[in-house]
Amino acid sequence: MTGPSNLSLEPQPFELHAGALRLALRPDLGGCIAGLWHRDTVVLRSAPPATLGDSHASACFPLVPYSNRLGYRKFRWKGQDHTTRPNFGDNPHSLHGIGWQRPWEIVSSSALEVVLRLRHGGDADWPFAFEASQYFTLTPQSMSVQMVFTNTAEVAQPVGLGWHPYFPKRARSRLHIELSDRWDADATQLPIRKVAQPGIDSDVSHLDFDNCFEGWKGPARIRDEKFSLQLTSSLPYLVVYTPQERDYFCVEPVSHVSNAIHMADPAAHGLRTLAPGETFEAAMKLDVAVV
């Protein structure tokens, strides 16, 4: 069983334009970015917004209230056991939180900015109530998004935030990131050990990662024959996914190590505890320069 579906709703795209950049959003489809283009060339993996049928096929979607995997769809919090429902095929874990599978609403918009909001009352996919907003801004040189999460439950809750952008894999796609450590994972992609990883500096075609990384410093630099991109974020961790058989790769700013809620010290691995009424803010920016 999966969470509430958006697929029966009429498409509700919204676009921002600044210089040669065009940003298309699908608030109703998980508050996702359908596409980001520089004129007619895709910057992120992109699809015509009106035809996009699934946020998992989008250019980028929000990760809220946790990133990556929640191990075996269960967790213990403040002495109480909780479960979450399957939300991604037959995967044994719950993936990417719930925000990417819920409709968001447009709160306000202008020519260069738009604000989306998700209100969650607590259910079988996530037991705690919260409100999350995404603030999108576009300039001729960059796209920025801020997420503000507020705990609207009557109890403290665990919180993780992030984004899941997809980049097109081109002939000369190259990735440069300064890092300190990599989390290796088991066969189901739950992290099991931390090893030294001084950085990534390679053509994407030579990489085969599906890992969370620590010690991220400076921008993640993505360069190919079309663009020179710089990805920055207020969040300290990165998930890097470079499947060799796909025509995309992912560089995901996140606030915590995957499955941190099951670790001995979740807070030491980035998971936040928010008291009722407390907020947590995150930001991501993608600078775009034509080569």
Restricting the stretch 139-158 to residues that are hydrophobic (A, V, I, L, M, F, W, C) and either touching a His at 6+ places or on another chain (Cβ under 9 Å) or assigned to a loop (DSSP other than H, G, I, E, B) (or both), the one farthest from Glu252 (Cα to Cα) turns out to be Val155
Write out, first by first residue and then by second, each pair whose Cβ atoms fall under 8 Å of each other, whose residues are 6+ apart or on separate chains, and whose first residue, in the stretch 70-88, is surrounded by fewer than 18 Cβ atoms within 10 Å (Cβ to Cβ) while the second is of a type in the set (Gly, Ala, Ser) and modelled with pLDDT of 95 or more.
-> Lys78/Ala156; Thr83/Ala124; Arg85/Ser94; Arg85/Ala124; Pro86/Ser94; Phe88/Ser94
Taking the stretch 107-129, which residues are crowded, with 16+ Cβ neighbours inside 10 Å and outside any strand (DSSP E or B)?
-> Asp125, Trp126, Pro127, Phe128, Ala129
Report the residue count in the stretch 249-269 for those that are small (Gly, Ala, Ser), crowded, with 20+ Cβ neighbours inside 10 Å and over 30 Å from His17 (Cα atoms).
-> 2
Pick from Ser202, Ser173: which is surrounded by fewer than 17 Cβ atoms within 10 Å (Cβ to Cβ), among the polar types (S, T, N, Q) and either farther than 30 Å from His262 by Cα or in contact with a helix residue (DSSP H, G or I) (Cβ under 8 Å, 6 or more places away or on another chain) (or both)?
-> Ser202
State all residues of the stretch 83-122 that are of a type in the set (Gly, Ala, Ser) and either more than 20 Å from Asp210 (Cα to Cα) or over 16 Å from the mean Cα position of the chain (by Cα) (or both); if no residue qualifies, say none.
-> Gly89, Gly99, Ser108, Ser109, Ser110, Ala111, Gly121, Gly122
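So that you can scan it fast, the table gives a plain yes or no per residue for (1) free of Cβ contacts under 8 Å to residues at least 40 places away in the same chain; (2) in a strand (DSSP E or B); (3) farther than 20 Å from Val64 by Cβ:
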site	(1), (2), (3)
His164	no, yes, no
Trp183	no, yes, yes
Arg193	yes, yes, yes
Ile200	no, yes, yes
Asp208	yes, no, yes
Gln230	no, yes, yes
Leu238	no, yes, no
Gln244	yes, no, yes
Exclusive hit being among the acidic types (Asp, Glu), closer than 13 Å to Val251 by Cα and modelled with pLDDT of 95 or more, set Asp184, Asp210 | Asp210
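The values are calculated or read from the model by the stated rules, or taken from the named source; none is laboratory data. Quick caveat: nothing in here was measured; it's all calculated off a predicted structure. Ideal geometry is used to build each Cβ from the backbone, glycine not excepted, and the neighbour counts take in all protein chains shown.
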